[in-house]
Amino acid sequence: SSVFANLPRAPEDPILGVTVAYNKDPSPVKLNLGVGAYRTEEGKPLVLNVVRQAEKLLVNDRSRVKEYLPIVGLADFNKLSAKLILGADSPAILGNLVTTVQCLSGTGSLRVGAEFLARHYYQRTIYIPNPTWGNHGKIFTLAGLTVKTYRYYDPVTRGLNIQGLLEDLGSAPSGAIVLLHACAHNPTGVDPTLEQWEQIRRLMRSKRLLPFFDSAYQGFASGSLDEDAKSVRMFVADGGECFIAQSYAKNMGLYGERVGALSIVCKTADVATRVESQLKLVIRPMYSNPPIHGASIVSTILKDRNLYQEWTLELKAMADRIITMRKQLFDALRARGTPGDWSHIIKQIGMFTFTGLNTKQVAFMTREYHIYMTSDGRISMAGLSSRTVPHLADAIHAAVT
Ligand SMILES: Cc1[nH+]cc(COP(=O)(O)O)c(/C=N/[C@@H](CC(=O)O)C(=O)O)c1O
């Protein structure tokens with residue numbers, strides 16, 4: 001018999017498993033509001049025009065070869081990624097205080113950062129928000145860090161529990177690592193205001209807590225790349241050190257290309273070079289060096305003024321469409337007189353609405369209306385279109401009455 005005869009069957013992933021179930025459903029009215037992946041008004045995945053243009057340039061450029069990239073990835077891509085999140089005029093960049101390595105999208109950037117911290121940082125505890133993206137806890141645990149949570153979401157107000165957040169971070173051991181969503185908090189869609197970010201930053205710096213930003217939706221939340229980077233730039237501006245994981249999956253639609261970057265902002269240029277040398281020892285035995293194609297697309301777009309400009313327009317259009325879906329869903333529930341206060345649908349920001357529906361209601365909506373969403377009540381607004389909003393509104397109405 002097989003040496004794996006006793007291997008237990010693993011459960012499907014709470015987020016990616018929703019798509020597996022959706023694909024199996026033969027219903028013509030099924031709706032996939034699970035995975036955070038953008039869909040057009042026609043319900044189709046979107047390849048941005050600028051991505052198609054960049055790929056044409058790459059294919060026609062006969063000088064491009066398929067050689068290994070360096071362990072740290074494509075140099076242009078790394079520099080441009082740091083500029084994108086920190087700002088072109090960032091003193092940290094001007095002072096060579098930032099080391100950036102190309103990683104396998106947001107997940108890979110988080111994991112490489114976690115492995116580096118587990119190996120070289122004295123405090124091995126990381127505080128992640130409650131709730132947070134389902135993969136965060138596993139990434140940091142598998143890297144060898146101790147994962148704790150800090151209060152984030154207030155189910156009563158459906159807003160930020162700023163008092164709980166400050167209390168929990170205030171009682172964290174000095175030097176602890178803190179995971180922060182740069183913008184468009186997943187799954188709640190609730191972000192701190194700039195004043196609250198300042199409170200968080202002051203507290204964290206006073207306790208020497210180490211910020212680890214996860215920036216997976218820059219430009220997707222407000223439609224502005226600079227607006228969505230403000231939290232990160234506040235921390236970097238104070239001269240403190242921080243980690244930043246970037247993903248191009250959503251804001252450039254490069255999901256399957258696995259394009260991301262990890263930036264570590266250090267106190268001195270010398271430390272930054274030593275950090276880079278140690279990052280290479282983490283990466284080489286993990287996947288050796290990153291894939292060339294996706295990073296080439298990103299750097300082609302970011303280094304060309306016209307392509308960059310056009311990208312910002314396409315990005316704003318995606319963000320705007322999601323905001324339109326929020327309004328349409330809110331109006332549809334009001335038109336039905338659906339019991340409850342649904343204003344959080346239009347107050348929340350980014351790809352997701354944290355509806356407040358419980359697991360029983362979610363299971364009902366899947367069974368009776370073929371709505372596929374995560375069991376915590378999160379729906380990806382990007383999966384909606386004007387055509388399908390009424391079906392979702394009917395399902396929510398039925399689930400709560
Ligand atoms: C906050 C956050 N961080 C990182 C990632 C990882 O993205 P990557 O593709 O590795 O660049 C995701 C993906 N979130 C969506 C997809 C997924 O779960 O993988 C989601 O929440 O649906 C996040 O929501």
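Right, ALA182: among the aliphatic types (A, V, I, L, M), at negative phi and in contact with a Gly (Cβ under 9 Å, 6 or more places away or on another chain) or not? Before the answer, list the steps.
Numbers: among the aliphatic types (A, V, I, L, M): yes; at negative phi: yes; in contact with a Gly (Cβ under 9 Å, 6 or more places away or on another chain): no.
When the stated conditions are applied, ALA182 does not pass them.
Can you tell me which residues in the stretch 149-159 are surrounded by fewer than 17 Cβ atoms within 10 Å (Cβ to Cβ), part of a strand (DSSP E or B) and not β-branched (Val, Ile, Thr)? Quick ask: steps written out before the conclusion?
The initial filter retains those residues of the stretch 149-159 that are surrounded by fewer than 17 Cβ atoms within 10 Å (Cβ to Cβ), namely 149, 154-157, 159.
Adding the requirement that they be part of a strand (DSSP E or B) leaves 149, 154, 159.
Of everything in the stretch 149-159, those that are surrounded by fewer than 17 Cβ atoms within 10 Å (Cβ to Cβ), part of a strand (DSSP E or B) and not β-branched (Val, Ile, Thr) turn out to be ASP154, GLY159.
So which of VAL51, VAL47 is of a type in the set (A, V, I, L, M, F, W, C), more than 19 Å from the chain's Cα centre (by Cα) and surrounded by 10 or more Cβ atoms within 10 Å (Cβ to Cβ)? Lay out the reasoning, then the answer.
Working: VAL47 fails: more than 19 Å from the chain's Cα centre (by Cα).
So the residue among VAL51, VAL47 that is of a type in the set (A, V, I, L, M, F, W, C), more than 19 Å from the chain's Cα centre (by Cα) and surrounded by 10 or more Cβ atoms within 10 Å (Cβ to Cβ) is VAL51.
Name the one entry in LEU94, LEU31, LEU80, LEU69 that is over 22 Å from ILE396 (Cα atoms) and in contact with a Ser or Thr (Cβ under 7 Å, 6 or more places away or on another chain). Even if it seems obvious, please write down each step before you answer.
On the way: LEU94 fails: in contact with a Ser or Thr (Cβ under 7 Å, 6 or more places away or on another chain); LEU31 fails: over 22 Å from ILE396 (Cα atoms); LEU69 fails: in contact with a Ser or Thr (Cβ under 7 Å, 6 or more places away or on another chain).
Just one listed residue meets the conditions, LEU80.
Among what's in the stretch 70-105 and is without any contact (Cβ under 8 Å) to a residue 40 or more places away in the chain and hydrophobic (A, V, I, L, M, F, W, C), pick the residue that is surrounded by the most Cβ atoms within 10 Å (Cβ to Cβ). Spell out the reasoning first.
Filtering the stretch 70-105 for residues without any contact (Cβ under 8 Å) to a residue 40 or more places away in the chain gives 75, 79, 88-89, 93-94.
If we keep only those that are hydrophobic (A, V, I, L, M, F, W, C) too, we end up with 75, 88, 93-94.
On the way: ALA75: 14, ALA88: 10, ILE93: 19, LEU94: 10.
Of everything passing the filter in the stretch 70-105, ILE93 is surrounded by the most Cβ atoms within 10 Å (Cβ to Cβ).
Please find, among LYS66, LYS30, the residue that is more than 15 Å from the ligand (Cβ to nearest atom) and under 21 Å from VAL259 (Cβ atoms). Before you say what the answer is, go through the steps one by one.
Values: LYS30 fails: under 21 Å from VAL259 (Cβ atoms).
Answer to the check: LYS66.
Quick check on the stretch 99-131: of everything there that is among the polar types (S, T, N, Q), farther than 17 Å from ILE85 by Cα and part of a strand (DSSP E or B), which residue is farthest from the ligand (Cβ to nearest atom)?
THR125
Only one residue in ALA261, ALA229, ALA221 is part of a strand (DSSP E or B) and open to solvent by less than 10 Å² (accessible area, probe 1.4 Å), so which one is that? Can you show your working first?
Values: ALA229 fails: part of a strand (DSSP E or B); ALA221 fails: part of a strand (DSSP E or B).
That would be ALA261, the only listed residue that is part of a strand (DSSP E or B) and open to solvent by less than 10 Å² (accessible area, probe 1.4 Å).
Please work out which residue is nearest to GLY219 (Cα to Cα), limiting yourself to the stretch 336-390 and to residues that are open to solvent by less than 10 Å² (accessible area, probe 1.4 Å) and either assigned to a strand (DSSP E or B) or among the aromatic types (Phe, Trp, Tyr) (or both).
Selected residue: PHE352.
With surrounded by 14 or more Cβ atoms within 10 Å (Cβ to Cβ), under 20 Å from THR374 (Cα atoms) and of a type in the set (Val, Ile, Thr) as the only criterion, which of ILE162, ILE200, ILE139, ILE126 stands out? Quick ask: steps written out before the conclusion?
Numbers: ILE162 fails: under 20 Å from THR374 (Cα atoms); ILE200 fails: under 20 Å from THR374 (Cα atoms); ILE126 fails: under 20 Å from THR374 (Cα atoms).
None of the other options fit; the residue is ILE139.
Restricting to the stretch 232-258, what's the tally of residues that are open to solvent by less than 10 Å² (accessible area, probe 1.4 Å) and assigned to a helix (DSSP H, G or I)?
Residues meeting the conditions: 2.
Give the stretch 17-27 a look and list any residue that's more than 10 Å from the ligand (Cβ to nearest atom) and outside any loop (DSSP other than H, G, I, E, B), or say none. Even if it seems obvious, please write down each step before you answer.
Initially, the stretch 17-27 is screened for residues more than 10 Å from the ligand (Cβ to nearest atom), giving 17, 20-27.
Within the stretch 17-27, GLY17, VAL20, ALA21, TYR22, ASN23, LYS24 meet the criteria.
Kindly indicate whether any position in the stretch 35-44 is open to solvent by 50 Å² or more (accessible area, probe 1.4 Å) and free of Cβ contacts under 8 Å to residues at least 60 places away in the same chain. Please lay out each step first, then the result.
Within the stretch 35-44, the first condition is being open to solvent by 50 Å² or more (accessible area, probe 1.4 Å), and the residues that meet it are 39, 41-42, 44.
Of the ones still in play, those that are also free of Cβ contacts under 8 Å to residues at least 60 places away in the same chain are 44.
Taking every residue of the stretch 35-44 in turn, at least one turns out to be open to solvent by 50 Å² or more (accessible area, probe 1.4 Å) and free of Cβ contacts under 8 Å to residues at least 60 places away in the same chain.
Filter the stretch 186-217 for residues that are in contact with a Cys (Cβ under 7 Å, 6 or more places away or on another chain), part of a loop (DSSP other than H, G, I, E, B) and either more than 21 Å from MET381 (Cβ to Cβ) or more than 11 Å from the ligand (Cβ to nearest atom) (or both) and give the result.
Matches in the stretch 186-217: ASP191 only.
The values are calculated or read from the model by the stated rules, or taken from the named source; none is laboratory data. From a predicted model like this one, the values you see are computed outputs, not experimental measurements. Methodologically, a virtual Cβ is constructed for each residue, glycine included, from the backbone with ideal geometry; neighbour enumeration extends over all protein chains shown. Ligands, DNA and RNA are excluded from the accessible area calculation, which covers all protein heavy atoms including side chains. Shrake-Rupley method; radii C 1.70, N 1.55, O 1.52, S 1.80 Å.
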